[in-house]
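These notes are about the structure you will find just below.
The values are calculated or read from the model by the stated rules, or taken from the named source; none is laboratory data. Note that the structure is predicted; figures quoted are calculated from it, not measured. Cβ sites come from the backbone with ideal geometry, for glycine too, and all protein chains shown count toward neighbours. All accessible areas refer to the heavy atoms of the entire protein, side chains included, with ligands and DNA or RNA removed. Shrake-Rupley method; radii C 1.70, N 1.55, O 1.52, S 1.80 Å.
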Protein chains: 2
Amino acid sequence: MSSFSSFDPRTGKPGSATFSDASPAEVLAAVERATEAFAVLRSYTPAQVAAMLRAIADQLDAASSSIVPVADRESGLGVPRLTGEVVRASGQFRLFADVCEEGSVLEAVIDHARPDLAPPRPDLRRLLFPLGPVAVFGASNFPLAFSVPGGDTASALAARCPVVVKGHPSHPETSQLCAEAILRGIESVGAPPGTFALVHGRSNEVGEALVAAAGIKAVGFTGSLRGGRALYNLAAARAEPIPVYAEMGSVNPFVVTEAALAARFDAIAEGFIGSMTQGTGQFCTKPGLVFVPDSETGRRWAALVGSKAGETEASFLLNAATRDALAAQVQRTAALAGVELLAGGGPAPSAAGFTYPATVLSTDARTFMTTPELASEHFGPFAVVVRCASDAERLELVRGLHGNLTATLHAEASEVLGLAGLVAELREKVGRLIWNGYPTGVAVTHAMVHGGPYPATTLPLHTSVGTAAIKRFLRPVAYQSYPAELLPPELQEGNPLRIMRLVDGAWSQS
Amino acid sequence: MSSFSSFDPRTGKPGSATFSDASPAEVLAAVERATEAFAVLRSYTPAQVAAMLRAIADQLDAASSSIVPVADRESGLGVPRLTGEVVRASGQFRLFADVCEEGSVLEAVIDHARPDLAPPRPDLRRLLFPLGPVAVFGASNFPLAFSVPGGDTASALAARCPVVVKGHPSHPETSQLCAEAILRGIESVGAPPGTFALVHGRSNEVGEALVAAAGIKAVGFTGSLRGGRALYNLAAARAEPIPVYAEMGSVNPFVVTEAALAARFDAIAEGFIGSMTQGTGQFCTKPGLVFVPDSETGRRWAALVGSKAGETEASFLLNAATRDALAAQVQRTAALAGVELLAGGGPAPSAAGFTYPATVLSTDARTFMTTPELASEHFGPFAVVVRCASDAERLELVRGLHGNLTATLHAEASEVLGLAGLVAELREKVGRLIWNGYPTGVAVTHAMVHGGPYPATTLPLHTSVGTAAIKRFLRPVAYQSYPAELLPPELQEGNPLRIMRLVDGAWSQS
């Protein structure tokens, strides 16, 4: 059995607590308890689910002052940012509680019987029900907001699905503290203890055992393309295949027009560098690929971005593996023919902490198109600026993109009508289109989409952030001609919960 | 290149028209044309989509009198049933046109900017957009309603996704006539000709080439578990995996209580036999597994079902392979220890047509639980009646079921409160729960669910029948801080289309 500790990214030193890989039997036991819990949880009323989610939020807030210093030591992300992550996580649980009570998330639909039709049509009533126990794989880059108490856990619990988290080995102590807070919340409302479990693991076998367990009915994952795809393949090969909602790599194209450069030359460079280096460039939505005009202004702007990158203070990557992977990748891509290094680069610094300098490359569109390695994600403070000789060339570049989480467009109001074609092509490639802004920062709202075509995710029909994330863990069931006593309240004739429903094709809340 | 003809199930004779397997180049050309069409279709307004769907419906109706005799010769299903299938298919296109115009299917959500929050929140607006070209695999058992002009084609087109159908080799002439009608409809409204294509094929390679084509973004399938799973595996192994909505096998458990037998002994037997033999037992929702009390009444009822089955007139299976597979399967299962043959069985009749007698087996719960082969779908006029010694044993049987499309429960009003536990367990296994009715007959309405846990489908979050089927081919995109001129009308501030939207968490149609 493999045992491991976290490392302080600022010093490279291991933490004092050690953790062991969960054994296959421990993983199966957690899934078994989740399956038992599901038999209770699936029948929870919206009020019961909401109470549980709010109790978890309260426990997370109460534990914030113990969690944040540990998370800072394990991630090097700083106390303000991590305090914000706790607020985001607890706020997410509370928002999802509101959504459960509001009720339309379960998509109640009623079609009354039509005996007058040929063939006659029976009474049909549809509602969404939980899938069953969910496996969650937390990300390293948000040790709170996208990890144990993150969006996947919150949305699965809101759907009344028990959760088994495979903790990220970069922050096991943080994961443990968060799991304990969640379990206190669950216990405080009398929900089944198997509703939530954390299993630790550094080896792939732990996660593989979890995904292979027959009791698991869906997987939420945030992390690398390699890791997400491996779990996707494993889930697809099960006797009963299950959906894997993996949010993976993204280069997040960032397009700047000549007019935008003319109007906001410095501001866009400054905003871009801030977004590119936020969290040491370890946001899923970090803009890593910039398209600028191949003009004197475009070249000057790229040079400015490079010089601003060179001035940024060194910050810390999450672990040695991330730092080493970035250094190796940059050394390869910076040396490619037709590629210019504008800032950073070089081997990993010999300092004890896990730093790497903010790095900017520059190239022309033809080189980019013929050099696939430039289009792959460089996880960390990195971007490549691509000069486009014409609007047509820019459109060709966009059409050639893989799927991404976001695409950002900086342009001026005067250009709007001429940009419809570009926006239509960008839309095919992403889950979120940003106008004159920056892609980092993913608000938890109803309209948010944190998703997109492969390889951004394994299933582009869904978002992993925002209230719609709950739908990933629900499936529809129709009741045909059922007696009222056996219908859930959401489907009863009088609409006792006063939820929005589609009744005989018309929306109604009465 | 393989060439083939259909066969008349009544005589076993081949039709005069011959068809050839589409070559890989022909498949890719159809996908290429679909991809080109998508660049136009994706920007269609709801009114344009609705006009296209209605034009297709009109052409199908106009061609009904040419299509039905051909479909009857190729399927043996009879003119009244096939005429009904055309009505269903054209009605489905018209209903989906209404749904496109009503607009809420695209799930417009608006969250206005909140500069007052920390961090400030940008304006976010979400809408569903089409995935891209869709591959459809029609079923043999409904040569119209679940084939070329069926629900998968209608829902993909309603989502603004071009469609390439791989026609079922049991009814190529019918498929060809339907494809021509659809293309006339598409042409009549000036939609791109690549919006729809039919490729013929008897060998698996044709379908495999279609699913492997990079331009295909989703797959709709109705057919066997083996076929659906093979396509699922293929799609999951692509460089870019894509969703496969395969509706496959189902035994559709049918539970009858002692009280129901006491009250409606003959009526339930009659209704059951009608449902079991409808369309020669070749409905996906055919009830093939019956749970009755192991009582004197239960045994008498099973005997009555057997005797009624023995009295049914022989009808025709769709092709020789279906008939031979059923005969071989029944001969194995009827010979198993603890299994009694109540009606039918035996080798395939030597008559020229593809008949097989309605077959009923009977066994006890213990035998059923320890004999997995009894739980697998027998496609055709077949059912197995399982006697349960107690309610607890019945519950154990239900808990051991695989996923199914439907579960039917016949019980009396006086029993309702005692059945909640049973219904909760049945619900875990299916997409549709039927009370005192029969599962065959799947109405195209808003509330219908034709889906369920594996192996009923490969993705239980969806339905392949009803208006919600459209959602399978849509994915969300959020616009952040976008100018009004570049937003689709569904997301514009004034709600020009007057569609139902979620605005700042509240439902609004104004």
Can you compute the modelled spin-label distance between A:Val416 and B:Glu187, with each label point 7 Å from Cα toward Cβ, in nm? 4.1
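Ordering A:His402, A:His450 by accessible area with a probe of 1.4 Å, largest first, what comes out?
Working: A:His402 115, A:His450 5 Å².
From most accessible down to least: A:His402, A:His450.
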Can you put B:Arg94, A:Arg202 in order of accessible area, largest first, using a 1.4 Å probe? A:Arg202, B:Arg94
For A:Ala337, which inter-copy label distances result when the label point lies 7 Å beyond Cα on the Cα-to-Cβ vector, reported in nm to one decimal and in ascending order? 7.4
Residue (of A:Phe379, A:Val423, A:His402) at the positive-pole extreme of the range A:355-431, dipole from beta-carbon charges: A:Phe379
In chain B, with Lys and Arg counted as +1 and Asp and Glu as -1 at Cβ, which of these residues, B:Thr457, B:Val255, B:Pro293, has the Cα nearest the positive end of the dipole, that is, farthest along it? B:Thr457
Roughly what percent of Cα-Cα pairs across the range A:1-120 reach past 20 Å? 68
Label-to-label distances across copies for A:Ala39, with labels 7 Å out along Cα→Cβ, in nm, shortest first? 5.8
Hey, for a label at B:Ala328 modelled as a point 7 Å past Cα toward Cβ, could you say which residues of the range B:226-249 have their backbone N under 20 Å away? B:226-231, B:249
Kindly provide the pair-distance distribution of the range B:223-267 built from C-alpha pairs, with 10 Å bins from 0 and whole-percent values in order of increasing distance. 24, 26, 15, 17, 14, 5
On the full set of protein chains, 1.4 Å probe, figure out the accessible area of A:Leu419 and give it in Å² to the nearest 10. 10
Taking the dipole of the protein assembly as shown about the Cα centre (Lys, Arg +1; Asp, Glu -1; charges at Cβ), the one of A:Leu486, B:Val68, B:Gly91 that reaches farthest to the positive side is B:Val68
Counting pairs of alpha carbon atoms under 8 Å apart in space and at least six apart in sequence, what relative contact order in percent does the range A:253-435 give? 27
Applying 1/(1 + (r/R0)^6) with R0 = 41 Å to the Cβ-Cβ distance of A:Ala484 and B:Thr45, what FRET efficiency is obtained, to the nearest 0.05? 0.50
Label zone at B:Ser3 (point 7 Å along Cα-to-Cβ), backbone N below 15 Å, the range B:15-32: B:15-23
Shortest-first nm distances, A:Gly310 label point to equivalent points in other copies (7 Å, Cα→Cβ): 9.6
Using protein chains only and a probe of 1.4 angstrom, how many square angstrom of A:Arg498 are accessible, to the nearest 10? 130
Please determine, in degrees from 0 to 90 and to the nearest 10, the orientation of helix A:24-41 with respect to the longest principal axis defined by the Cα atoms of chain A, where the helix direction is its Cα long axis. 50
Taking Rh as the Kirkwood radius computed over alpha-carbon pairs of the protein assembly as shown and applying Stokes-Einstein at 20 °C with viscosity 1.002 mPa s, one gets a diffusion coefficient in µm² s⁻¹ of 72
For the pairs A:Lys286/A:Lys429; B:Lys166/B:Lys217; B:Lys13/B:Lys286; B:Lys166/B:Lys471; A:Lys217/A:Lys471; A:Lys286/A:Lys308, flag any whose C-alpha to C-alpha distance is greater than 24 Å. B:Lys13/B:Lys286
Near the axis that takes chain B to chain A, which B residue has its beta carbon closest, and at how many Å? B:Ala236, 2
Give the angle, between 0 and 90 degrees and rounded to the nearest 10, that separates the Cα long axis of helix A:46-75 from the longest principal axis of the Cα atoms of chain A. 30
Considering the zone a paramagnetic label at B:Arg366 would reach in this model (a point 7 Å from Cα along the Cα-to-Cβ line), which residues of the range B:373-395 have amide N under 15 Å from it? B:387-390, B:393-394
Order B:392-401, A:211-220 from most to least packed using the mean count of other Cβ atoms within 10 Å. A:211-220, B:392-401
Rolling a 1.4 angstrom probe over the protein chains, ignoring ligands and nucleic acids, what is the accessible area of B:Val339 in square angstrom, nearest 10? 20
Under the 7 Å Cα-to-Cβ spin-label approximation, A:Glu313 and A:Glu493 lie apart by a distance in nanometres of 6.9
As a test of the definition: with a 1.4 Å probe, what buried accessible area, both sides summed, do you compute for A against B, in Å² to the nearest 100? 6400
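Average partner chain C-beta neighbours within 10 Å, per residue of A:426-434? Walk me through the intermediate numbers first.
Working: counts 1, 7, 8, 1, 2, 5, 7, 9, 7.
Average neighbour count from other chains, rounded to a whole number: 5.
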Heavy-atom accessible area per residue, the range B:337-476, 1.4 Å probe: how many Å²? 29
Could you check the simple spin-label distance between B:Ser20 and A:Asp504, using points 7 Å along Cα→Cβ, in nm with one decimal? 5.6
Quote the charge dipole size of chain B about the Cα centre in Debye, to the nearest 20; the model charges only the Cβ of Lys and Arg (+1) and of Asp and Glu (-1). 340
Of B:Glu107, B:Glu296, which has the most accessible area with a 1.4 Å probe, and how do the rest follow in descending order? B:Glu296, B:Glu107
Explain nothing, just the number: dipole magnitude of the range B:253-435 about its Cα centre with +1 on each Lys and Arg Cβ and -1 on each Asp and Glu Cβ, in debye rounded to the nearest 20. 340
Compute the long axis of helix B:225-236 from its Cα atoms, compare it with the longest principal axis of the Cα atoms of chain B, and write down the angle in degrees, 0 to 90, nearest 10. 30
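Suppose every K and R has +1 on its Cβ and every D and E has -1 on its Cβ; what is the size of the dipole of the protein assembly as shown about the Cα centre, in Debye to the nearest 20?
On the way: 80 positive and 96 negative charges, 111 e Å.
In total the dipole reaches around 540 debye.
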